[in-house]
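Student: Okay, here's the structure, questions in a sec.
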Amino acid sequence: MEHRTRTLFNRSFSFVSIASIVLMSLSLVVLLGPIFIKGSGAFVFRGTVEHRKLMLDRFGRGDREAVGIEAARADAARKPIYDSLERFDALLEEGDPELRSKYAADFEELKGLVQELLGPAPGAPEPALLRQQYGQTRWDRAKIKLHEILFVEEYDYSDPTKMGVKILKPRVDRFKGTSLEPVFGQLERGVVYMMRPRLTCYSRFLFDESYDSHFFGGIWPEMLGTIYLALGAMLFAVPLGIITAIYLAEYSGEGHFVSFLRTCISSLAGVPSIVFGLFGLAFFINTIKISPSKSVLAGAMTLAILVLPTVIRASEEAIKAVPATYKEAAMSLGASKWRTILTVILPAALPGVLTSVIISMGRAAGETAPIIFTAAVSVGKPLAVWQTLTQPTPALSWNIYNLATEHQAVDEIRHVQYGMVLTLVMLVLILNLSAILVRARISKRLRA
């Protein structure tokens, strides 16, 4: 009976373990699946002729002759639309006041939407904003803009017991009997010839600078800023963390001071990250003034304090896990304690130490709150290494939040937000995978 019970418990625990792994895998798929699907839209999408014109004008990429021919064909398909708008505009200017008051507001709205879809009319003054100098560069956004042209959103409040019901009404109804009535059919039937969508692989999304508040271009300043902050944090946290771990594992012994020190380290690990950000602002910037204002240096030092408890604890456990026979053998051969630590214990503990360092680096790369007050800005240029001492930087984690909540055209650049999220997730996954591979390789070398 006892054997059967033990077998039943073993099988139950095995089933629960397998079920937990499957559930965790499904949770990751549900969580990361949309990120990978939508984030890939920043790299692979159907780009319009406007995108190819932008790439040629701003980045010098593409065949100038081929793009010119394609743009000329698109302009020829758009010409009847522009001509109709121009004639109707002239009619309103020269017509009677009643006609102008009836159509002026609707016409200005229609003209603005058409310019957002196709770009400014030939011969028109060049707009100040870059986003207004081109039409829709992505086919998915072009279809949304076309829908806004063809239909007007209105709300029906006739039933007082219900909230307003959204109703789509054809915009053409507002221009019945005018010369603009055929324009809507021309746009609906000919938008493919006007925009000329084509599958586009924009691999330079990671390495191009952004233009016009992320309407165009890539995320290189954010990528570089995240790398600077993560590496800078490790530059401060790793030496201090490893030295502290050596002291706690090999020199400290037991006592009230050591107990107090361990309590402080544990408490530091539980402090909310926003508190670290406020501390970094108050101490590093306002008190000791390591930089005039926000800077990568201040942000890196704040992140270093954030990840320091993780480095200390993991390094201490790795050092304690080294067999005592290693130390006894080295000291029996006449090595001093410090030499034994440097040449025997630390190399043997290296897999665990490196794992803690890389995992901490992944956390530093993904933190937002500590850098809000110390290092991050919404828009900026890529920094040279020496500029990190005094200048702030964009960063992936902060810009993801900023673009999703504070950007004036959040829906227009949704693909950039997901592209940043995918890049940050991949960066953290690569760092964690690196920790696994490095640990396995060093462990294999130590066993050989």
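The values are calculated or read from the model by the stated rules, or taken from the named source; none is laboratory data. Remember, it's a predicted structure, so these values are computed and weren't measured experimentally. Virtual Cβ from ideal backbone geometry, glycine too; neighbours counted across all protein chains shown.
Student: All but one of (1) assigned by TED's automatic domain parsing to the domain that holds Ala375; (2) in contact with a Phe, Trp or Tyr (Cβ under 6 Å, 6 or more places away or on another chain) hold for Val172; which doesn't?
Tutor: Against the list (1) assigned by TED's automatic domain parsing to the domain that holds Ala375; (2) in contact with a Phe, Trp or Tyr (Cβ under 6 Å, 6 or more places away or on another chain), Val172 comes up short only on (1).
Student: Continuing with this model, one more query. Name the residue, out of Phe257, Phe284, that is assigned by TED's automatic domain parsing to the domain that holds Gly362, surrounded by 20 or more Cβ atoms within 10 Å (Cβ to Cβ) and farther than 30 Å from Val416 by Cβ. Reasoning before the result, please.
Tutor: Numbers: Phe257 fails: surrounded by 20 or more Cβ atoms within 10 Å (Cβ to Cβ).
Phe284 is the lone residue from the list that is assigned by TED's automatic domain parsing to the domain that holds Gly362, surrounded by 20 or more Cβ atoms within 10 Å (Cβ to Cβ) and farther than 30 Å from Val416 by Cβ.
Student: Yes or no: Leu240 touching a helix residue (DSSP H, G or I) at 6+ places or on another chain (Cβ under 8 Å) and crowded, with 20+ Cβ neighbours inside 10 Å?
Tutor: Numbers: touching a helix residue (DSSP H, G or I) at 6+ places or on another chain (Cβ under 8 Å): yes; crowded, with 20+ Cβ neighbours inside 10 Å: no.
The answer is no for Leu240.
Student: Grab the helices (runs of 4 or more DSSP H) fully contained in the stretch 309-376, keeping just those with 1 or more residues being more than 40 Å from the chain's Cα centre (by Cα).
Tutor: Working: elements: 324-332, 337-340, 346-366, 369-372.
The qualifying helices (runs of 4 or more DSSP H) are 324-332, 337-340.
Student: Something else about it: Tell me whether the stretch 410-431 contains one or more residues that are under 26 Å from Asp208 (Cα atoms) and more than 17 Å from the chain's Cα centre (by Cα). Outline the logic, then answer.
Tutor: Start the filter on the stretch 410-431 by keeping residues that are under 26 Å from Asp208 (Cα atoms), which leaves 410-431.
If we keep only those that are more than 17 Å from the chain's Cα centre (by Cα) as well, we get none.
Scanning the stretch 410-431, I find no residue that is under 26 Å from Asp208 (Cα atoms) and more than 17 Å from the chain's Cα centre (by Cα), so the answer is no.
Student: Residues being in a loop (DSSP other than H, G, I, E, B) and of a type outside the set (A, V, I, L, M): count how many of those fall in the stretch 377-395. Reasoning before the result, please.
Tutor: Going residue by residue through the stretch 377-395, those that are in a loop (DSSP other than H, G, I, E, B) are 377-384, 390-392, 394-395.
Adding the requirement that they be of a type outside the set (A, V, I, L, M) leaves 378, 380-382, 390-392, 394.
Within the stretch 377-395, residues that are in a loop (DSSP other than H, G, I, E, B) and of a type outside the set (A, V, I, L, M) number 8.
Student: Which residues, counting only those in the stretch 14-72, are within 14 Å of Leu422 (Cβ to Cβ), assigned to a helix (DSSP H, G or I), in contact (Cβ under 8 Å) with a residue 60 or more places away in the chain and of a type in the set (A, V, I, L, M, F, W, C)?
Tutor: Once the filter is applied, which keeps residues that are within 14 Å of Leu422 (Cβ to Cβ), assigned to a helix (DSSP H, G or I), in contact (Cβ under 8 Å) with a residue 60 or more places away in the chain and of a type in the set (A, V, I, L, M, F, W, C), the stretch 14-72 yields Leu32, Ile35, Phe36, Ala42.
Residues are listed down the side, and each one gets a yes or a no for (1) in contact with a helix residue (DSSP H, G or I) (Cβ under 6 Å, 6 or more places away or on another chain); (2) β-branched (Val, Ile, Thr):
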site	(1), (2)
Ile319	yes, yes
Met331	yes, no
Thr340	yes, yes
Ala365	yes, no
Gly380	yes, no
Ala384	no, no
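Student: I've got another one for you. Do we have any residue at all in the stretch 222-241 that's in a helix (DSSP H, G or I), over 21 Å from the mean Cα position of the chain (by Cα) and not hydrophobic (A, V, I, L, M, F, W, C)?
Tutor: Yes, that holds for at least one residue.
Student: For Phe215, state whether it is outside the structural domain of Ala384 (by TED's automatic domain parsing), at negative phi and touching a helix residue (DSSP H, G or I) at 6+ places or on another chain (Cβ under 6 Å). Outline the logic, then answer.
Tutor: Working: outside the structural domain of Ala384 (by TED's automatic domain parsing): yes; at negative phi: yes; touching a helix residue (DSSP H, G or I) at 6+ places or on another chain (Cβ under 6 Å): yes.
Criteria met by Phe215.
Student: Let me ask something else. Residues in the stretch 1-13: is at least one surrounded by 10 or more Cβ atoms within 10 Å (Cβ to Cβ), under 25 Å from the mean Cα position of the chain (by Cα) and assigned to a helix (DSSP H, G or I)?
Tutor: No; the residues of the stretch 1-13 include none that is surrounded by 10 or more Cβ atoms within 10 Å (Cβ to Cβ), under 25 Å from the mean Cα position of the chain (by Cα) and assigned to a helix (DSSP H, G or I).
Student: Another question about this same structure. Considering only the stretch 407-448, state which residues are outside any helix (DSSP H, G or I) and surrounded by 16 or more Cβ atoms within 10 Å (Cβ to Cβ).
Tutor: So in the stretch 407-448, the residues outside any helix (DSSP H, G or I) come out as 407-413, 448.
Of everything in the stretch 407-448, those that are outside any helix (DSSP H, G or I) and surrounded by 16 or more Cβ atoms within 10 Å (Cβ to Cβ) turn out to be His407, Glu412, Ile413.
Student: Ok, one more. Among what's in the stretch 314-345 and is touching a residue at least 60 places away in the same chain (Cβ under 8 Å) and either surrounded by fewer than 20 Cβ atoms within 10 Å (Cβ to Cβ) or outside the structural domain of Gln387 (by TED's automatic domain parsing) (or both), pick the residue that is nearest to Leu261 (Cα to Cα).
Tutor: Across the stretch 314-345, the extreme among qualifying residues is Lys320.
Student: Out of the residues in the stretch 383-392 meeting the condition of being of a type in the set (S, T, N, Q) and surrounded by fewer than 20 Cβ atoms within 10 Å (Cβ to Cβ), tell me which one is nearest to Leu297 (Cα to Cα).
Tutor: It comes out as Thr390.
Student: Another question, if that's okay. Return only the number of the condition from (1) surrounded by fewer than 15 Cβ atoms within 10 Å (Cβ to Cβ); (2) modelled with pLDDT of 90 or more that Gly232 does not satisfy.
Tutor: (1)
Student: Across the stretch 142-165, what is the number of residues that are aliphatic (A, V, I, L, M) and more than 30 Å from Val192 (Cβ to Cβ)?
Tutor: Here is the first cut: in the stretch 142-165, the ones aliphatic (A, V, I, L, M) are 142, 144, 146, 149-150, 152, 163, 165.
Imposing the further condition that a residue be more than 30 Å from Val192 (Cβ to Cβ) reduces the set to 163, 165.
Total meeting the criteria: 2.
Student: Six or more apart or on different chains, Cβ under 7 Å: which pairs go from a residue in the stretch 368-393 that's under 14 Å from Gly232 (Cα atoms) to one that's of a type outside the set (Gly, Ala, Ser) and surrounded by fewer than 16 Cβ atoms within 10 Å (Cβ to Cβ)? Could you list them?
Tutor: So the pair list comes out as Thr390/Pro292.
Student: If Gly119 passes every condition in (1) in contact (Cβ under 8 Å) with a residue 12 or more places away in the chain; (2) over 28 Å from Gln417 (Cα atoms); (3) small (Gly, Ala, Ser) but one, which one does it miss?
Tutor: (2)
Student: Of the residues Arg4, Arg78, only one is of a type in the set (Lys, Arg), over 20 Å from Phe215 (Cβ atoms) and in contact (Cβ under 8 Å) with a residue 12 or more places away in the chain; which? Step through it out loud before you land on a result.
Tutor: Working: Arg4 fails: in contact (Cβ under 8 Å) with a residue 12 or more places away in the chain.
Only one candidate qualifies: Arg78.
Student: So if I check each of Ala395, Ala375, which one is more than 17 Å from Glu209 (Cα to Cα), crowded, with 21+ Cβ neighbours inside 10 Å, at pLDDT 90 or above and assigned by TED's automatic domain parsing to the domain that holds Ser291?
Tutor: On the way: Ala395 fails: more than 17 Å from Glu209 (Cα to Cα).
Selected residue: Ala375, the only one of Ala395, Ala375 that is more than 17 Å from Glu209 (Cα to Cα), crowded, with 21+ Cβ neighbours inside 10 Å, at pLDDT 90 or above and assigned by TED's automatic domain parsing to the domain that holds Ser291.
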